[in-house]
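Contents: one structure, followed by commentary.
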Amino acid sequence: MKIVHLCISQSYFDNWGYQENLIPEYQADLGNKVSVISTNKFYPNWLNNDELDTILSKGKEYNIGKVKIIRIKVLRLFHTHIVFTYNLYKKLKDESPDIIFYHEMTNFSTIICVVYKLFHPKISFFIDSHSDLRNSCSTKISELLYFKFFLTIMHKIIAIFVEKYYGVTPSRCNFLLSHYGISKKKMKFLPIGCDTKLANKLPTIDNLRRKYNIPFDSFVIVSGGKMGKFKGTEFLIKAVENLRKKDSNILLILFGVFEDQECEDLTNSRKWIIKHAWCERKKTLELLKVANIASWPVHHTTLNEDSIAVGTPLLIRKTTTTEHLISQNGLFLNEIGNVSEIEEKLLKIKQNLNFYKKGAELMAEKLSYSQISKNIIKDAQ
């Protein structure tokens, strides 16, 4: 089967662990011919310059493993979601897909896929959505004018050509209904998954503790990514500090970047916190695996799914973005900034660690990209 993934709203990052990287990779492993059509135009300012130069040096077409990467020219209207593509129809014709999977539904080049389907009616066309109120509607004007008016009209027209609209969290399924007017019959939950293939290739926990100089008898809690007061990092530090008054063998690993100086200063003043800068993917998974508990006290991050992949129990806040991520593999937090609650639930997981570890292994199987990739193909049959 030939499958084409489209990443137009943002450029495809080579070898990262995002959904648009892993679904194509896992589908190619299943024996399908897979390509990704993207652009070299839209990269965030935090992307490492060396990594960006490496991507740009590869040209317009190249392979990453079994997946073919195709870069096309695009034009973005000012700083909006409106993106015009050059030669997209021709590239689709060249690839001749059985399935088109469009990542994110917020630009008008989905219409070109509909035109392609009109002339090739046997193909299956899927669109996923990563948008919700927190990450997409920056102003009331954009919410009403762009999402609830322009995009709603567009998707009302093209929905008859789309097999499924996938929301990647429960909140994003709700957003499909409330802001795009997508019917529940057309909608399906397709969770962000776990890279179990890479996770299973990692060294053992003992070898990782040796590698990172972490005592074998210490109890380790980890958090990372973008850190700061807004992310709840300060609350986590204070909760771990309270636990250390009873057990000084408890350590905290933090990796990534700080978004405020206050939280960075707090971290630097605690010698029991092991600090790492922003990490490449393999090291990120290793730091998550080496710990006993992974925790993000406020917001969802794809590091939640990475923690599940490596079998590390979670302590995260329950929201419509995370409510599907815990089932005997950790605990939910109910309040923001409640240090006592964080402390109490870290201790509860610590006291029942084997139970939660087994739960984490079961959750990893459920959310593996292997299963998710198969489910997409089943929806096309």
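The values are calculated or read from the model by the stated rules, or taken from the named source; none is laboratory data. For clarity, every value in this text was computed on a predicted model and none was experimentally measured. Here Cβ is always computed from backbone atoms with ideal geometry, including for glycine, and neighbour counts include all displayed protein chains.
Scan the range 14-38 for residues that are among the hydrophobic types (A, V, I, L, M, F, W, C) and touching a helix residue (DSSP H, G or I) at 6+ places or on another chain (Cβ under 7 Å) and jot them down. 16, 22, 23, 30, 34, 36, 37, listed by residue number. Counting only residues that are over 22 Å from residue 375 (Cα atoms), crowded, with 18+ Cβ neighbours inside 10 Å and either in contact with a helix residue (DSSP H, G or I) (Cβ under 7 Å, 6 or more places away or on another chain) or modelled with pLDDT of 95 or more (or both), the range 39-67 holds 0 of them.
Checked against (1) at pLDDT 95 or above; (2) closer than 12 Å to residue 7 by Cα; (3) part of a loop (DSSP other than H, G, I, E, B), residue 101 meets all criteria but (3). In summary, residue 201 fulfils each of the numbered conditions (1) touching a Cys at 6+ places or on another chain (Cβ under 7 Å); (2) of a type outside the set (A, V, I, L, M); (3) not assigned by TED's automatic domain parsing to the domain that holds residue 17 with the single exception of condition (1). Checked against the criterion of being within 27 Å of residue 244 (Cβ to Cβ), among the aliphatic types (A, V, I, L, M), outside any helix (DSSP H, G or I) and in contact (Cβ under 8 Å) with a residue 12 or more places away in the chain, the range 333-352 has at least one qualifying residue.
Contact map, the range 42-63: residues that are at negative phi paired with residues that are not in a loop (DSSP other than H, G, I, E, B), Cβ distance under 6 Å, separation 6+ or inter-chain. Pairs shown: 43/52; 60/71; 61/70; 62/69. For residue 128, the conditions (1) touching a residue at least 60 places away in the same chain (Cβ under 8 Å); (2) under 30 Å from residue 2 (Cα atoms); (3) not assigned by TED's automatic domain parsing to the domain that holds residue 22 are fulfilled apart from (3). Mind checking whether some residue in the range 68-80 is loosely packed, with under 11 Cβ neighbours inside 10 Å, modelled with pLDDT of 90 or more and either over 20 Å from the mean Cα position of the chain (by Cα) or aliphatic (A, V, I, L, M) (or both)? Taking every residue of the range 68-80 in turn, none turns out to be loosely packed, with under 11 Cβ neighbours inside 10 Å, modelled with pLDDT of 90 or more and either over 20 Å from the mean Cα position of the chain (by Cα) or aliphatic (A, V, I, L, M) (or both). The set of residues from the range 184-204 being over 16 Å from the mean Cα position of the chain (by Cα) and among the β-branched types (Val, Ile, Thr) comprises just one member, 204.
Here is a check on your reading of the model: is residue 337 on the phi > 0 side of the Ramachandran plot and either modelled with pLDDT of 95 or more or crowded, with 18+ Cβ neighbours inside 10 Å (or both)? Criteria not met by residue 337. Of all residues in the range 354-381, those being touching a helix residue (DSSP H, G or I) at 6+ places or on another chain (Cβ under 6 Å) and either polar (S, T, N, Q) or loosely packed, with under 15 Cβ neighbours inside 10 Å (or both) number 3.
So is residue 288 assigned to a helix (DSSP H, G or I) and over 30 Å from residue 190 (Cβ atoms) or not?
On the way: assigned to a helix (DSSP H, G or I): yes; over 30 Å from residue 190 (Cβ atoms): no.
Judged against the criteria, residue 288 is not a match.
All told, residue 101 falls short of being within 30 Å of residue 143 (Cα to Cα) and free of Cβ contacts under 8 Å to residues at least 60 places away in the same chain.
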